Amino acid sequence: MDDNDWMARGRCRFEPPATFFPSDGVGVEIAKRICATCPVKGLCLEYALEQRIDHGVWGGTSERQRRRILKKRKLTANPTYVEV
C-alpha cells in the first residue's frame, strides 16, 4: 500500500485542481468548504505540513494557517524559557 493512497479518497478528486490554488480569499473559502467534510482532511493537512507545501489549500487550511501551525508546533517542541 502506498503512503499516499489517501489522496484517491479526497473530495478534491472531483474538482479541478485550480480550485485548491485560488488567487483570492473567496477562492480560499470555496476550497475550504469542499475540504470541510472530506474524509481524509487530517491526512491531507499532515501531508502538506510534512512536505512543507506552501501553496494552495490543503486539509482545509490556507498557506497562512499552515505557517501558523508549523510555528506553533516548533514552539511547542522547542520551548524557549526566558528568565525574568
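Here, each number is a calculation from the coordinates, and none is a lab measurement. Values in this document were obtained by computation on a predicted structure and should not be read as measured data. Reconstructed Cβ throughout: ideal geometry from the backbone, glycine too, with neighbour counts over all protein chains shown.
For the chain, modelled as a GNM whose springs connect Cα atoms under 10 angstrom apart, the maximal fluctuation among THR19, THR37, THR61 occurs at THR37.
Among residues other than HIS55 with Cβ under 13 Å from its Cβ, the summed charge is +2 (Lys and Arg +1, Asp and Glu -1). 3J(HN,Hα) along the stretch 66-74, derived from phi through the Karplus expression 6.51 cos²θ - 1.76 cosθ + 1.60 where θ = phi - 60°, amounts to 5, 4, 5, 4, 4, 5, 5, 5, 5 Hz, with x in place of Gly and Pro. A dipole drawn for the chain from +1 and -1 charges on Cβ atoms has a positive end, and of PRO22, ASN78, MET7 the residue lying farthest that way is ASN78. Entry note, the chain: the mean residue ellipticity at 222 nm calculated from DSSP H runs of n ≥ 4, each adding -39500 (n - 2.57), is -14000 deg cm²/dmol after division by the residues and rounding to the nearest 500. If you take all other residues with their beta carbon under 14 Å from the beta carbon of SER23, and give Lys and Arg +1 and Asp and Glu -1, the sum is -3. Rg ratio for the stretch 5-77: its Cα radius of gyration over 2.2 N^0.38 Å, N being its residue count, equals 1.07. Among ARG73, ARG52, ARG33, the residue with the largest mean-square fluctuation in a Gaussian network model of the chain, with springs joining Cα atoms closer than 10 Å, is ARG73. Of all the options LYS32, LYS74, LYS41, the one that moves most in a Gaussian network model of the chain with Cα springs shorter than 10 angstrom is LYS74. A Förster radius of 35 Å combined with the Cβ-Cβ distance from PHE21 to LEU75 puts the calculated FRET efficiency at roughly 0.75.
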